[in-house]
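The block underneath contains the structure these notes are about, expressed in structure tokens.
The values are calculated or read from the model by the stated rules, or taken from the named source; none is laboratory data. Fair warning: this is a prediction, and the values are worked out from it, not measured in the lab. Note that each Cβ is placed from the backbone with ideal geometry, even for glycine, and that neighbours are counted across all protein chains shown. In case anyone asks, the SASA skips ligands and DNA or RNA and just uses the protein heavy atoms, side chains included. Shrake-Rupley method; radii C 1.70, N 1.55, O 1.52, S 1.80 Å.
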Amino acid sequence: MSAPESEAPVETKRTGPPEPRAASGAPVDFVRQIVTDDVRRGRRQGRVHTRFPPEPNGYLHIGHAKAICLDFGVAEEFAGLCNLRFDDTNPAKENVEYVDAIREDIHWLRFDWGDREFYASDYFERLYQCAVALVRQGKAYVDSLTAEEIRDYRGTLTDPGRESPYRNRSVEENLDLLDRMRQGEFPDGMHVLRAKIDMASPNINMRDPTLYRIRHATHHRTGDAWCIYPTYDYAHPLSDAFEQITHSLCTLEFEDHRPLYDWVIAQLDFVDPPQQIEFARLNLSYTITSKRKLAQLVTEGHVTGWDDPRLPTLAGLRRRGYTPEAIRDFCGRIGVDKSEGVVDLALLEHCLREHLNARALRVMGVLRPIKVVLLNYPEGEVEELDAINNPEDDSAGTRKVPFSRELYIDRDDFREVPPPKYHRLSPGAEVRLRYAYIIKCVDVVKDEHGEITALHCTYDPETKSGSGPQAKRRVKGTIHWVSAGHALPAEVRRYDRLFSVEQPGRDRPLVEDVSPTSLEALTDSWVEPSLADAPAGSRYQFERLGYFVVDADSVRGRLVFNRTVTLRDTWAKIEQRQVRDSR
């Protein structure tokens, strides 16, 4: 059977089959090996054309990032093309908000589809004509069983299905019913169009699957022009074929659907049909990547929205301060495999730390402040001290930080009764202030409730960092600080893992695994004045505390920071332990 006539196929010209190259010298994975073999054999004229086909019914998440890096990465490595195609065949759950968010996320990951943005809805007429052709050839029929009856007739994994009593309707009756379905004569659920394949097939997906169903719903692009919509299993292979895709990469849950994918394309005699290749999806500890479950968290108010920094959505990761480079590095490290597994979240955090350590400017911020008064420092005097912006990057230079008689230090850096081996500030003890002087606590000031309100200290003027021999006098502790008269007020949101268990929702309802300590908002924090004009999205290392990003909620005079990740690198410790255990 020939494909119904329609628009010209998409051109995917390329010159010469290049050798495959894996990122960072990593071994070529099985997907790239398949593509390599196809190119070398000249299959499909040596073309490589992939696609990323999201459904616009939610925001992309870290699992999609793996697919994006694979789809666009393979095309780039083989001098091919990658399309962006929205699988918009279910109007009840899709809208323009998700389309726009998906575009933004892919561009944020530094990938681009050029002028190759398509929609399944672009092909609605062509898909319908293909369905008519299938009916004319006796390969499809209109079924009038209810959805429950269809499930019952389909059988089970161990028992074959039964043929519908409507399976042998005449071609003429099927064409008439299909046309009337299109014209909107029937309510939702009254009829469906099914492929006529094999009700006894051991693969349940081949037991006369549904190709079209009635949905009286307004589509975000086509409006009310259609009231019947193709299923994913029908629209997807044909959309691939229309666009002359060569390698259709998808996750393992579609492996059992591949015979149906091939069947649909085979009925229409496409030249050089696409090949579906399945790979393992990304499963990440302490994380969920189900859009349905993510939507539940959003709609039930367990998070603030799709871009909540605790979510694994790309919008949430971006707002939390993740970089596209770190995510792409992570996707490269985990590789592409056929076997399912769970990747430790610590690896993603490790990739992020590596990137931020090299790029993020250092600043000082005090999250839970306690005032320090330097009794022997001249009142009204202000010094401008040199501070290093990034010790990993000499080109980042230095900045000036003001130093004065009254400072803030972090409450965690003082103990009135210090435990053993405590090397921070305590009564009678000395510490060095970063980039400044050595100070000594001589008195603790408390209010009527016994709460500490200030620390009275003295400073050693001979110990200014970088000023001479005395500056090298050593003490065991160094702490950060800000000048009380110059610091900027800030809110700091300390985010942690959203879930308290490695596999959320496995042993109890998902929402019961949401951690009550996943967010701590500190509203009385202070940061150094160099951050006054820091735009939203700027990433910094707060010295000794971790990496933080300026949130979009910031306003002039009131900055808001999200903690991106702590300084502690769990993954590095895991790697060290693995090496040690292997000896």
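Which of the residues belonging to the range 405-456 are farther than 24 Å from residue 472 by Cβ and part of a loop (DSSP other than H, G, I, E, B)?
To start, the set of residues in the range 405-456 that are farther than 24 Å from residue 472 by Cβ comprises 405-406, 408, 410-412, 414-420, 427, 443-456.
Passing the criteria: 405, 415, 416, 417, 418, 419, 420, 447, 448, 449, 450, 451.
Only one of these is farther than 18 Å from residue 91 by Cα and either open to solvent by 70 Å² or more (accessible area, probe 1.4 Å) or of a type in the set (Val, Ile, Thr) (or both): 228, 204, 214. Name it. Don't jump to the end; show me each part of the working.
Details: 228 fails: farther than 18 Å from residue 91 by Cα; 214 fails: farther than 18 Å from residue 91 by Cα.
When all the criteria are applied, what remains is 204.
State yes or no: is residue 88 at pLDDT 95 or above, open to solvent by less than 10 Å² (accessible area, probe 1.4 Å), in contact with a helix residue (DSSP H, G or I) (Cβ under 6 Å, 6 or more places away or on another chain) and charged (D, E, K, R)?
Details: at pLDDT 95 or above: yes; open to solvent by less than 10 Å² (accessible area, probe 1.4 Å): yes; in contact with a helix residue (DSSP H, G or I) (Cβ under 6 Å, 6 or more places away or on another chain): yes; charged (D, E, K, R): yes.
Against the criterion (at pLDDT 95 or above, open to solvent by less than 10 Å² (accessible area, probe 1.4 Å), in contact with a helix residue (DSSP H, G or I) (Cβ under 6 Å, 6 or more places away or on another chain) and charged (D, E, K, R)), residue 88 qualifies.
Could you tell me how many of the residues in the range 91-110 are open to solvent by less than 10 Å² (accessible area, probe 1.4 Å) and either outside any helix (DSSP H, G or I) or polar (S, T, N, Q) (or both)?
Adding up the residues that qualify gives 1.
Matching residues to (1) assigned by the TED database to the domain that holds residue 106; (2) over 24 Å from residue 359 (Cβ atoms); (3) surrounded by fewer than 21 Cβ atoms within 10 Å (Cβ to Cβ):
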residue: 276; (1), (2), (3): yes, yes, no
residue: 289; (1), (2), (3): no, yes, yes
residue: 292; (1), (2), (3): no, yes, yes
residue: 307; (1), (2), (3): no, no, yes
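Residue 344 - would you say it is under 18 Å from residue 566 (Cα atoms) and either out of contact with any Pro (no Cβ under 9 Å at 6 or more places or on another chain) or not acidic (Asp, Glu) (or both)?
On the way: under 18 Å from residue 566 (Cα atoms): yes; either out of contact with any Pro (no Cβ under 9 Å at 6 or more places or on another chain) or not acidic (Asp, Glu) (or both): yes.
So residue 344 passes the test.
In contact (Cβ under 8 Å) with a residue 12 or more places away in the chain and closer than 30 Å to residue 41 by Cα - does that describe any residue in the range 280-288?
The initial filter retains those residues of the range 280-288 that are in contact (Cβ under 8 Å) with a residue 12 or more places away in the chain, namely 280-288.
Subset that is closer than 30 Å to residue 41 by Cα: 280-281.
Within the range 280-288, one or more residues are in contact (Cβ under 8 Å) with a residue 12 or more places away in the chain and closer than 30 Å to residue 41 by Cα.
Mind listing whichever residues of the range 353-378 are of a type outside the set (A, V, I, L, M), under 27 Å from residue 485 (Cβ atoms), open to solvent by 10 Å² or more (accessible area, probe 1.4 Å) and in contact with a Ser or Thr (Cβ under 9 Å, 6 or more places away or on another chain)?
Result: 368, 369, 371, 376.
Could you run through the range 245-274 and say how many residues are open to solvent by 50 Å² or more (accessible area, probe 1.4 Å) and not aromatic (Phe, Trp, Tyr)?
Residues of the range 245-274 that are open to solvent by 50 Å² or more (accessible area, probe 1.4 Å), as a first pass: 253-256, 258-259, 262, 266, 269, 271-273.
Cutting the leftovers down to not aromatic (Phe, Trp, Tyr) gives us 253, 255-256, 258-259, 262, 266, 269, 271-273.
Of the residues in that region, 11 qualify.
Just to be sure I understand, how many residues within the range 124-145 are among the small types (Gly, Ala, Ser), in contact with a helix residue (DSSP H, G or I) (Cβ under 8 Å, 6 or more places away or on another chain) and in a helix (DSSP H, G or I)?
Qualifying residue count, the range 124-145: 1.
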